[in-house]
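Enquirer: Let me give you the structure first, and then I'll get to my questions.
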Amino acid sequence: MAAMNRLRYPLQLESRMLPTDALFWYAEEATPELRPLVAGMLMLDRRPDPDRLRASVERWVARLPRLRQRVVEAPLRLGLPEWEDDPHFDLDYHAREVILPEPATDRHLFDFAGAVFATPLDPMRPLWEAYLIEGLEGGRAACFFKTHHAVMDGVGSLAVFDAFTQSHRAEPVRVPRHLPLRPPSPAGTRLARMARDAVGNGAAAAAAAAASTARAMLRPGELAGDVARTVRSVRGLLADLTVAGTYDPLASESTGIGRRLDGMTLSLPRLVRIKDALDVSLNDVVLTILSGAVGRYHSHRKVIVPELHCMVPMSLRQDSERHTLGNRVGAFNIALPVGERDPLLRLERIRRQTGAAKGDRRGAVYPTLMRVMALMPGFAYRYFAQMATRQINLICTNMAGPPGRRYLAGAGVEAILPFAPVALGVPLSIALLSYADTYGIGIDSDPAAIPDPELLHRYLDMAVDEIERCAIPHTAAPTVRRARRGPGRSAAARPAGRSVSLRKIGGRKPGGASSPPRERLARTRRSPGPNAAGAPPKRKLHAERSGKTSSAMTARNSDRSRK
């Protein structure tokens with residue numbers, strides 16, 4: 001947490017939205033069935049101390065001024081929206097305490113959080129809500145936080161987590177002095193600020209163009225290399241945007257507005273051993289596991305699809321931007337071979353695609369595309385959003401989280417479960433976050449399309465065991481920590497008299513950098529076991545096809561899609 005200790009609070013944030021942030025703000029208006037929200041669940045080993053928790057929330061808001069700011073449109077909508085202090089900011093509206101009927105299981109917890117996640121935020125207030133949830137069996141508790149995607153991306157949420165939590169269980173929480181709220185700016189002042197920003201942006205663009213021209217004259221070779229890289233990036237992006245989508249019969253039932261949450265944790269050292277043994281990236285292992293689980297689920301539903309297209313967001317942040325808010329993200333598409341039963345063949349196909357996407361850096365073009373989209377009228381954006389969702393079937397985002405243990409007002413954070421949004425026609429979103437020695441997996445699904453997501457939970461476990469057996473022979477898979485599910489009743493199915501109790505937090509009264517792609521792996525036979533040193537051998541992926549008709553058809557369909 002050395003980087004966190006060097007941060008200066010309160011964070012200095014721009015008053016005008018970035019184009020990438022504005023895109024998510026406009027998305028909800030143009031496409032009402034799209035809920036561009038991100039969320040996180042902190043699983044706590046006990047109930048936090050009420051007084052220290054209240055102090056933690058107050059310090060949190062003081063450190064991150066964005067948490068008390070609302071969105072204000074530019075005059076006549078001639079520019080990007082601005083962030084402005086909410087003169088009526090009410091902390092007790094945003095930070096709430098919920099008591100579930102005891103003893104509540106994790107299933108009850110996820111049912112409640114799913115209903116909260118499905119509810120849009122009030123656009124007239126700061127765009128976040130936080131819930132301390134008590135009543136869980138074993139004396140445990142949880143903290144659920146949701147915010148609009150215009151405020152931050154997944155990596156940016158680490159700034160929220162660091163500002164909210166402490167490094168030791170007994171660490172005192174000191175509330176800093178709050179900066180005074182700035183009064184709303186009159187329309188004339190905002191117009192003048194827009195003109196100043198336009199002039200500044202124009203001058204910066206002219207200076208950048210002049211610098212590029214001078215560099216081209218002095219070092220023409222570098223310019224040619226830059227042009228070639230840009231062409232490759234644009235070509236890769238166009239390939240993602242124009243690839244023929246795969247029809248998924250399950251997605252035809254999607255409404256885009258329902259939410260069913262689930263979560264699980266895996267051992268991070270276990271996944272690292274698997275990826276080291278196979279000599280691939282952790283992201284490739286995760287996508288291979290996901291494709292195996294989704295393939296099993298479709299087989300269970302009697303749906304046969306050779307591949308599904310997955311959007312994989314990628315962070316474009318520099319190291320110095322890791323603990324800042326806003327969106328600095330790109331994306332690329334991967335054809336997941338869900339119809340392929342051999343995990344090593346799935347991994348090989350995924351590794352080739354991710355290597356190509358990282359090599360041409362197509363995701364780096366997304367910020368430019370988003371700047372253009374932010375200037376589109378609502379109907380044009382709606383058309384583009386609908387067209388884009390037809391190209392993908394699911395979303396998988398993978399983030400590196402805090403490496404050390406954290407605490408919240410005396411309660412230990414056992415795991416962090418991130419959640420990403422689903423959309424109309426995209427009924428499944430998987431988010432992963434490493435924390436200490438755990439790997440939290442948040443599953444967000446549309447219940448109209450996926451009525452039994454607990455099967456996905458089970459199939460993810462099975463897919464991890466499967467690839468581990470291939471990577472490290474003769475190794476028994478450890479037991480995965482599962483949610484305490486109990487009877488599995490939803491909130492609506494609980495008996496009368498067991499209602500949810502809502503309180504203010506701290507109160508007692510109710511109230512409202514990627515590496516270039518590796519060379520193609522050699523064809524080798526599987527090693528029978530550990531090497532002489534006792535360490536598991538590096539496994540090589542089989543490049544040859546299994547000879548099965550379904551595998552060959554899957555490979556040809558994937559190759560045709562990439563072309």
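Enquirer: Of Ala95, Trp83, Leu132, whose Cα points farthest to the positive end of the dipole of the range 49-138 (charges on the beta-carbon: +1 Lys, Arg; -1 Asp, Glu; origin at the Cα centre)?
Expert: Towards the positive end, the residue furthest out is Trp83.
Enquirer: With each pseudo-label sitting 7 Å past Cα toward Cβ, what's the His88-Ser167 distance in nm, one decimal?
Expert: 4.1 nm
Enquirer: What full-extension length gain, to one decimal in nm, is calculated for Leu78 and Asp49 as 0.36 nm per residue of separation minus the Cα-Cα distance?
Expert: Details: separation 29, 0.36 × 29 = 10.44 nm, distance 4.76 nm.
Gain on extension, Leu78 to Asp49, equals 5.7 nm.
Enquirer: Between Asp122 and Tyr247, what is the spin-label point distance in nm, taking each point 7 Å from the Cα along the Cα→C-beta axis?
Expert: It works out to 4.5 nm between the two label points.
Enquirer: Can I ask one more? Sticking with the crude label model, points 7 Å out along Cα→Cβ, report the distance from Val272 to Lys302 in nm, one decimal please.
Expert: Taking the simple label geometry, Val272 and Lys302 are separated by 4.6 nm.
Enquirer: Which value, in debye to the nearest 20, gives the size of the charge dipole of the range 28-88 about its Cα centre, when Lys and Arg are +1 and Asp and Glu are -1 at the Cβ?
Expert: Numbers: 11 positive and 12 negative charges, 77 e Å.
Dipole about the Cα centre, nearest 20: 380 debye.
Enquirer: With r defined as the distance between the Cβ atoms of Asp279 and Arg405 and R0 fixed at 25 Å, what FRET efficiency is calculated, to the nearest 0.05? List each step's numbers first, then the result.
Expert: On the way: r = 30 Å, r/R0 = 1.20.
My answer for the efficiency is 0.25.
Read-outs throughout are calculated quantities, based only on the coordinates presented, and are distinct from any laboratory measurement. The structure presented is a predicted model; accordingly, all values stated were derived computationally and were not measured. Note that each Cβ is placed from the backbone with ideal geometry, even for glycine, and that neighbours are counted across all protein chains shown.
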